[in-house]
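Engineer: Can you keep this structure in mind? I'll have questions shortly.
The values are calculated or read from the model by the stated rules, or taken from the named source; none is laboratory data. Bear in mind the structure is a predicted one, so any value in this text is a computation, not a measurement. Cβ placement follows ideal geometry from the backbone for every residue including glycine, while neighbour counts extend to all protein chains displayed. Side chains included, ligands, DNA and RNA excluded: accessible areas come from the protein's heavy atoms. Shrake-Rupley method; radii C 1.70, N 1.55, O 1.52, S 1.80 Å.
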Amino acid sequence: MEYRPLNPGPDTREHLVVIGNGMAGCRAVEELLARDADRYRVTIFGAEPRVNYNRIMLSPVLAGEKSFDDIVINDADWYAANGIALVAGDPVMAIDRAAKTVTTRGGTTESYDRLLIATGSDPFIIPVPGKDLPGVIAFRDMDDVDTMLAAADAGGDAVVIGGGLLGLEAAHGLSLRGMKVTVIHLMPTLMERQLDEAAGWLLKNALEARGQTILTGADTAEIVGDAKVEGVKLKDGTLIPASLVVMAVGIRPSVALARNAGLAVGRGIQVDDHMVTSDPAVLAVGECVEHDGQVYGLVAPLWDMCRSLADGLVEQPTGYRGSVTSTKLKVSGIDVFSAGDFSGGDGCEDIVLRDASRGIYKRVIVKDDRIVGAVLYGDTADGSWYFDLLKKQEDVSDLRDLLIFGQAFASGGGAADPKAAVAALSADAEICGCNGVTKGQVVSCIAKGAHSLDAVRGTCKASASCGSCTGLVEMLLALTLGDEVQAGPKTMCKCTSFGHDDVRREIVAQGMRSIPEAMQQMHWTTPDGCSSCRPALNYYLLCALPGEYVDDQQSRFVNERLHANIQKDGTYSVVPRMWGGLTNPTELRAIADVVEKYDAPMVKVTGGQRLDIFGIKKEDLPAVWADLNAAGMVSGHAYGKALRTVKTCVGSEWCRFGTQDSTGLGVKIERMSWGSWMPHKFKIAVSGCPRNCAEATIKDFGIVCVDSGYELHVGGNGGIHVRVTDLLCKVATEQEAMDYCAAFIQLYREEARYLERTAPWIERVGVEQIKARIVDDTAGREALRARFLYAQSFSQDDPWAQRAGGAEAEHHAPMARFIPQEALV
Amino acid sequence: MTIAEWLDIGWVDQIPVRGSRTVQVAGGDDIAVFRTAEGKVFALLDRCPHKHGRLSQGIVHGGAVACPLHNWRISLSTGEALGDDKGCTPTVPVKIDGGRVLICRASTLKAAA
């Protein structure tokens, strides 16, 4: 930098006073000096007793990758060389706009011609008990880093509250410094403002693999400790010990000074396109400002603002037009990038690529042929390319089909037509990274007769593992065969190229444990699935992991969430369980009382021999359940993909034709199988003789009692397509009938596709196959039965009692009530 | 006396992620307030344009909700039916301020009327 002597004699230039010696304030001065070094006399006030340093590099300092000297932007020589007076460590406390002066805490008063406010932002401290205890800090400046380093030297446990960018960088640094770190995050996924659910899940896994404990959906109740911090208590009662608590839940524009001076302040200090506040003599820049309704907490917008500010100060105004931002997480070894708007919405199209074997998730959001957002995890090499296309608003329609593969691929063929680009690839270009299959191998396999995607997957294995190259293989099929391509298997939904059976097999084979994991491992093409695949995945996981999988309520149809049947007017119908269709005066009285108490307009006997109470309001459901529970009744699951009812006739106890105790057996079977979740609804009936009054031969599992024992029938249906059952076998005892029933239900639970009733399932696989598994294979039958009973040990928990007791109460009550004044008049 | 333009209906985190809560409007239909996986909040009349199903009870995915009655997909930002279906549910402007959810009073009255 050119050296200029300080002005001798009185300085008659306009005086620019800058409040804030941080990144924005100093950058603004740098920009100004670059345009006209002599125009203003400059004084900078800084609250910290330091020269200007790069605040965003505090994370690497904490992590031990850099020292403070490495992150200094402008050292003392710079201030001297440019004739800038620096007042560090004495913050400005007041602005007097009438007198055009500022006054510091130390009592210094300085007059200004133009004032620049660059006070940045303050860390947000959540107002919980114990927030002021020693050992509770924010992560904002070098003092905080020094406190953390001192705590790390002493070792022990640290809690970071906030799983955003800053919190995770703090956690990473503390973890590298040897502390045992727990991150507490209020939201269900990490960095939810920058990452979608899928990327957030990958990030959580990666951090946990590095030894951090990540608690999502965790709400801090208080910070405990006597003279200093000793731990953090969550609202669910969990206590996490800690000798250091870092609050990194967010930042707020630092506006107190401006507000007290009477400047217009919204969320930030309001400025125009030239960074001028409501007072023409006062400017503001950086994280403390609000421009066009936006406040920014990242560094890139600050550079744009400083340019416009400096242009205005030298009277060559250009104007700031807002910024599109991108984020990179500075945790070494974990590559995360996000830019623009990834919330989707109308006209937005998601292009998703997932590569499970390499831990990659890429999502580009396109609207009107332009990129509007991008989220990259694991491979961020193309982040800047996407961001560039986004900022320039370039038309990407020509690149569309190859966009997600990155710049090298999309621009590789040099052709506008993606098919031509694939055609231009050399024969040894790798198509399938998982299985190492080249273009030449795929083409030769197609030439040898693999004329469908499935056939290609079956022979050369291309796209058979993760499926991320499915699009490329399909293009090769089209290029090689023209119109002769055969349609593949029916996929589960538009979110995946896999069918139900593939998805299910992979969930079990790979031991997947959550919906986001399944979507990542199987390369879902949408960020969070749809109303078809989410309930299916939820069921498959539930079935695969009894007692372990945490049911995702938001992936369930409303009836299974509210444990009642939604009706066309938005009210619900409620069916209490009546074992085997038997009831008694207590139950009937309770039902009658509920009907009167809650004004239910109708009660009806159902086809499955139960009483259905109609017209119950959503908010009354918990009270209705409590009343029915009090009379000993539980949920009848008339709403679920689950066991509905066991219909019985009166049997040998009363009927002159009865051969066995069909009601007694019906009650036992219902007690065994109630509460189990299934691919679809499941109905059972037990008839006491071949007259079959319980209509057992149109049920999913039907028992017809005969003198010599029990005929077992499967796969009946009385719906749109009436189907009479197939005879499975005949058994001699009640216990055998129950054992076969349990084994059959489990086979159906494990092997039928979601939303496939037993009738179409059996038609698809053939009743011989079912007989081979249930009747012929004794050990297999026993194992199925054992798995069913094990799963049942977790599912026979009355959902009504849980909810009447307060669980998920928020599903029932409105969030607010609004009585318009108009309505009161 | 001036009437506030925005109705403060509660905290953002009272709405389950990928879920919904309702606001009862005296003398009118409910307003459904949704929160997507990405944390965006939207408000619509709680009524599907098809057969008036309660959208608040549907499965939220991406920026849409599937009506519980007949699985119509409704855009949360415009209220338009997606795919081949045609119809539109009135929307209510939402803003978030300091974690509180505010919905536009005039639109609430108009939609719920």
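Engineer: Restricting to strands (runs of 3 or more DSSP E) lying wholly in region A:616-710: which have 3 or more residues that are under 44 Å from the mean Cα position of the chain (by Cα)?
Structural biologist: On the way: elements: A:643-648, A:682-687, A:701-706.
Result: A:643-648, A:682-687.
Engineer: Report yes if some residue within region A:716-727 is within 27 Å of A:ARG764 (Cβ to Cβ), open to solvent by less than 10 Å² (accessible area, probe 1.4 Å) and under 39 Å from the mean Cα position of the chain (by Cα); otherwise report no.
Structural biologist: Step one: filter region A:716-727 for residues within 27 Å of A:ARG764 (Cβ to Cβ), giving A:716-727.
Filter once more, keeping what is open to solvent by less than 10 Å² (accessible area, probe 1.4 Å): A:716.
Then keep just the ones that are under 39 Å from the mean Cα position of the chain (by Cα); that gives none.
Within region A:716-727, not a single residue is within 27 Å of A:ARG764 (Cβ to Cβ), open to solvent by less than 10 Å² (accessible area, probe 1.4 Å) and under 39 Å from the mean Cα position of the chain (by Cα).
Engineer: Does A:ARG39 fit the bill of being open to solvent by 50 Å² or more (accessible area, probe 1.4 Å) and touching a residue at least 40 places away in the same chain (Cβ under 8 Å)? Before you say what the answer is, go through the steps one by one.
Structural biologist: Numbers: open to solvent by 50 Å² or more (accessible area, probe 1.4 Å): yes; touching a residue at least 40 places away in the same chain (Cβ under 8 Å): yes.
Yes.
Engineer: Before we move on, is A:ALA801 surrounded by 15 or more Cβ atoms within 10 Å (Cβ to Cβ) and facing chain B (nearest Cβ under 10 Å)?
Structural biologist: no
Engineer: Going through A:MET475, A:MET578 one at a time, which residue ends up being away from every other protein chain (no Cβ under 13 Å) and over 30 Å from A:ALA813 (Cβ atoms)?
Structural biologist: On the way: A:MET578 fails: over 30 Å from A:ALA813 (Cβ atoms).
Just a single option satisfies the conditions, and that option is A:MET475.
Engineer: Can you name the number of the only condition in (1) crowded, with 20+ Cβ neighbours inside 10 Å; (2) under 24 Å from A:PHE139 (Cβ atoms) that A:GLU31 fails?
Structural biologist: Unmet for A:GLU31, out of (1) crowded, with 20+ Cβ neighbours inside 10 Å; (2) under 24 Å from A:PHE139 (Cβ atoms): (2).
Engineer: Check whether at least one residue in region B:87-96 is facing chain A (nearest Cβ under 8 Å) and buried (at least 24 other Cβ atoms within 10 Å of the Cβ), and report yes or no.
Structural biologist: For region B:87-96, residues facing chain A (nearest Cβ under 8 Å) and buried (at least 24 other Cβ atoms within 10 Å of the Cβ): absent.
Every residue, every condition in (1) acidic (Asp, Glu); (2) open to solvent by less than 30 Å² (accessible area, probe 1.4 Å), yes or no:
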{"position": "A:LEU174", "(1), (2)": "no, yes"}
{"position": "A:LYS204", "(1), (2)": "no, no"}
{"position": "A:GLN212", "(1), (2)": "no, yes"}
{"position": "A:GLU222", "(1), (2)": "yes, no"}
{"position": "A:GLY237", "(1), (2)": "no, no"}
{"position": "A:SER243", "(1), (2)": "no, no"}
{"position": "A:VAL255", "(1), (2)": "no, yes"}
{"position": "A:ALA258", "(1), (2)": "no, yes"}
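Engineer: Go through region A:533-581 residue by residue and tally those that are of a type in the set (Gly, Ala, Ser), open to solvent by less than 20 Å² (accessible area, probe 1.4 Å) and either assigned to a loop (DSSP other than H, G, I, E, B) or farther than 29 Å from A:ILE365 by Cα (or both). Give the derivation first.
Structural biologist: Within region A:533-581, the first condition is being of a type in the set (Gly, Ala, Ser), and the residues that meet it are A:536, A:544, A:547, A:555, A:564, A:570, A:573, A:580-581.
Filter again for open to solvent by less than 20 Å² (accessible area, probe 1.4 Å), leaving A:536, A:555, A:564, A:570, A:573, A:580.
Cutting the leftovers down to either assigned to a loop (DSSP other than H, G, I, E, B) or farther than 29 Å from A:ILE365 by Cα (or both) gives us A:564, A:570, A:573, A:580.
Matching residues across region A:533-581 total 4.
Engineer: Next question. Within region A:512-532, restricting attention to residues that are open to solvent by 40 Å² or more (accessible area, probe 1.4 Å) and not in a helix (DSSP H, G or I), which residue is nearest to the other protein chains (Cβ to nearest Cβ)?
Structural biologist: Narrowing region A:512-532 to residues open to solvent by 40 Å² or more (accessible area, probe 1.4 Å): A:513, A:521, A:525, A:532.
So of that shortlist, the ones also not in a helix (DSSP H, G or I) come out as A:513, A:525, A:532.
Values: A:ARG513: 19, A:THR525: 12, A:SER532: 9 Å.
Per the criteria, the residue is A:SER532.
Engineer: A follow-up question, please. Quick check on this structure: which one of A:LEU168, A:LEU149 is crowded, with 24+ Cβ neighbours inside 10 Å and at pLDDT 90 or above? First the steps, then the outcome.
Structural biologist: On the way: A:LEU149 fails: crowded, with 24+ Cβ neighbours inside 10 Å.
A:LEU168 is the lone residue from the list that is crowded, with 24+ Cβ neighbours inside 10 Å and at pLDDT 90 or above.
Engineer: Condition first: in contact with a Phe, Trp or Tyr (Cβ under 9 Å, 6 or more places away or on another chain), over 24 Å from A:PRO91 (Cβ atoms) and at pLDDT 90 or above. Now tell me which residues in region A:34-60 satisfy that.
Structural biologist: Matches in region A:34-60: none.
Engineer: Name the single residue, out of those in region A:317-329 being outside any strand (DSSP E or B) and surrounded by 19 or more Cβ atoms within 10 Å (Cβ to Cβ), that is modelled with the lowest pLDDT. Spell out how you get there, then give the answer.
Structural biologist: First pass over region A:317-329, keeping only residues outside any strand (DSSP E or B): A:317-325, A:329.
Imposing the further condition that a residue be surrounded by 19 or more Cβ atoms within 10 Å (Cβ to Cβ) reduces the set to A:320, A:329.
Details: A:TYR320: 90, A:LEU329: 75.
Ranking the qualifying residues of region A:317-329, first place goes to A:LEU329.
Engineer: Out of everything in region A:361-384 that is assigned to a loop (DSSP other than H, G, I, E, B) and out of contact with any strand residue (DSSP E or B) (no Cβ under 6 Å at 6 or more places or on another chain), what residue ends up being modelled with the highest pLDDT? Spell out the reasoning first.
Structural biologist: Keep residues of region A:361-384 that are assigned to a loop (DSSP other than H, G, I, E, B), which gives A:368-369, A:378-382.
Okay, now just the ones that are also out of contact with any strand residue (DSSP E or B) (no Cβ under 6 Å at 6 or more places or on another chain), so A:368, A:381-382.
Numbers: A:ASP368: 88, A:ALA381: 78, A:ASP382: 83.
Within region A:361-384, the match that is modelled with the highest pLDDT is A:ASP368.
Engineer: Right, another one. Between a residue in region A:664-675 that is at negative phi and crowded, with 20+ Cβ neighbours inside 10 Å and any residue that is of a type in the set (D, E, K, R) and not in a helix (DSSP H, G or I), which pairs come within a Cβ distance under 8 Å, given they are 6 or more apart or on different chains?
Structural biologist: If the second residue must be of a type in the set (D, E, K, R) and not in a helix (DSSP H, G or I), the pairs left are A:GLY666/A:LYS647; A:GLU670/A:ARG577; A:TRP674/A:ARG577.
Engineer: Same structure, new question: Could you please find all residues in region A:757-777 being surrounded by 16 or more Cβ atoms within 10 Å (Cβ to Cβ) and part of a loop (DSSP other than H, G, I, E, B)?
Structural biologist: Correct list: A:ARG757 only.
Engineer: For region A:759-779, name all the residues that are free of Cβ contacts under 8 Å to residues at least 24 places away in the same chain and not hydrophobic (A, V, I, L, M, F, W, C). If you could, list the steps in order and put the result at the bottom.
Structural biologist: Taking region A:759-779 first, the residues free of Cβ contacts under 8 Å to residues at least 24 places away in the same chain are A:760, A:764-766, A:768-769, A:772, A:776-779.
Once the filter is applied, which keeps residues that are free of Cβ contacts under 8 Å to residues at least 24 places away in the same chain and not hydrophobic (A, V, I, L, M, F, W, C), region A:759-779 yields A:PRO760, A:ARG764, A:GLY766, A:GLU768, A:GLN769, A:ASP776, A:ASP777, A:THR778.
Engineer: Cβ-Cβ under 9 Å, sequence separation 6+ or interchain: first residue in region A:533-546 and within 14 Å of chain B (Cβ to nearest Cβ), partner of a type in the set (Val, Ile, Thr) and open to solvent by 20 Å² or more (accessible area, probe 1.4 Å). Which pairs?
Structural biologist: Cβ pairs passing all conditions: A:CYS533/A:THR526.
Engineer: Any idea which residue in region A:385-404 is modelled with the lowest pLDDT, counting only those that are over 18 Å from A:SER323 (Cβ atoms), outside any loop (DSSP other than H, G, I, E, B) and open to solvent by less than 50 Å² (accessible area, probe 1.4 Å)?
Structural biologist: Once the filter is applied, the top-ranked residue is A:LEU402.
Engineer: Determine whether A:ILE125 is β-branched (Val, Ile, Thr), surrounded by fewer than 24 Cβ atoms within 10 Å (Cβ to Cβ) and in contact with an Asp or Glu (Cβ under 8 Å, 6 or more places away or on another chain). It would help to see each step written out before you state the result.
Structural biologist: Working: β-branched (Val, Ile, Thr): yes; surrounded by fewer than 24 Cβ atoms within 10 Å (Cβ to Cβ): yes; in contact with an Asp or Glu (Cβ under 8 Å, 6 or more places away or on another chain): no.
Against the criterion (β-branched (Val, Ile, Thr), surrounded by fewer than 24 Cβ atoms within 10 Å (Cβ to Cβ) and in contact with an Asp or Glu (Cβ under 8 Å, 6 or more places away or on another chain)), A:ILE125 does not qualify.
Engineer: Is there a residue being touching a Pro at 6+ places or on another chain (Cβ under 7 Å) and more than 14 Å from chain B (Cβ to nearest Cβ) anywhere in region A:770-793? Quick ask: steps written out before the conclusion?
Structural biologist: Within region A:770-793, the first condition is being touching a Pro at 6+ places or on another chain (Cβ under 7 Å), and the residues that meet it are A:790-791.
Now drop any that are not more than 14 Å from chain B (Cβ to nearest Cβ), which leaves A:790-791.
Looking for residues that are touching a Pro at 6+ places or on another chain (Cβ under 7 Å) and more than 14 Å from chain B (Cβ to nearest Cβ), one finds at least one in region A:770-793, hence yes.
Engineer: Could you tell me whether any residue of region A:176-198 is part of a helix (DSSP H, G or I), modelled with pLDDT under 90 and within 14 Å of chain B (Cβ to nearest Cβ)?
Structural biologist: Within region A:176-198, one or more residues are part of a helix (DSSP H, G or I), modelled with pLDDT under 90 and within 14 Å of chain B (Cβ to nearest Cβ).
Engineer: Looking at region A:22-49 only, could you name the residues that are of a type in the set (D, E, K, R), within 23 Å of A:SER254 (Cα to Cα) and touching a strand residue (DSSP E or B) at 6+ places or on another chain (Cβ under 6 Å)? If you could, list the steps in order and put the result at the bottom.
Structural biologist: We begin by selecting, within region A:22-49, every residue of a type in the set (D, E, K, R); these are A:27, A:30-31, A:35-36, A:38-39, A:41, A:48.
Still in the list and also within 23 Å of A:SER254 (Cα to Cα): A:27, A:30-31, A:48.
None - no residue of region A:22-49 is of a type in the set (D, E, K, R), within 23 Å of A:SER254 (Cα to Cα) and touching a strand residue (DSSP E or B) at 6+ places or on another chain (Cβ under 6 Å), so the list stays empty.
Engineer: With a cut-off of at least 1 residues that are free of Cβ contacts under 8 Å to residues at least 24 places away in the same chain, name the strands (runs of 3 or more DSSP E) lying wholly within region A:255-302.
Structural biologist: Numbers: elements: A:269-271, A:282-284, A:289-291.
In region A:255-302, the matching strands (runs of 3 or more DSSP E) lie at A:269-271.
Engineer: Among the residues of region B:32-56, write down those that are more than 7 Å from chain A (Cβ to nearest Cβ), surrounded by fewer than 23 Cβ atoms within 10 Å (Cβ to Cβ) and more than 11 Å from the chain's Cα centre (by Cα).
Structural biologist: Within region B:32-56, B:PRO49, B:HIS50, B:HIS52 qualify.
Engineer: On to the next question. If you check every pair at least six apart or on different chains, which have Cβ atoms under 6 Å apart with a residue in region A:562-588 that is within 11 Å of A:ILE613 (Cβ to Cβ) first and a residue that is of a type in the set (D, E, K, R) and modelled with pLDDT of 90 or more second?
Structural biologist: Listed by first residue and then by second, the contacts come to A:THR571/A:LYS617; A:SER573/A:ASP612; A:VAL575/A:ARG610; A:VAL575/A:ASP612.
Engineer: Residues to consider are A:GLU736, A:GLU810; find the one that is within 14 Å of chain B (Cβ to nearest Cβ) and acidic (Asp, Glu). Steps first, please.
Structural biologist: Values: A:GLU736 fails: within 14 Å of chain B (Cβ to nearest Cβ).
Answer to the check: A:GLU810.
Engineer: Now for a different question. Consider region B:57-78. How many of its residues are open to solvent by less than 10 Å² (accessible area, probe 1.4 Å), farther than 20 Å from A:GLU349 by Cβ and more than 9 Å from every other protein chain (Cβ to nearest Cβ)?
Structural biologist: 1
Engineer: Taking only region B:14-31 into account, find how many residues are open to solvent by 50 Å² or more (accessible area, probe 1.4 Å) and either within 14 Å of B:LEU102 (Cβ to Cβ) or more than 7 Å from every other protein chain (Cβ to nearest Cβ) (or both).
Structural biologist: Our first condition is that a residue be open to solvent by 50 Å² or more (accessible area, probe 1.4 Å); within region B:14-31, this holds for B:14, B:27, B:29.
Then drop every residue that is not either within 14 Å of B:LEU102 (Cβ to Cβ) or more than 7 Å from every other protein chain (Cβ to nearest Cβ) (or both), which leaves B:14, B:29.
Residues that pass the stated criteria total 2.
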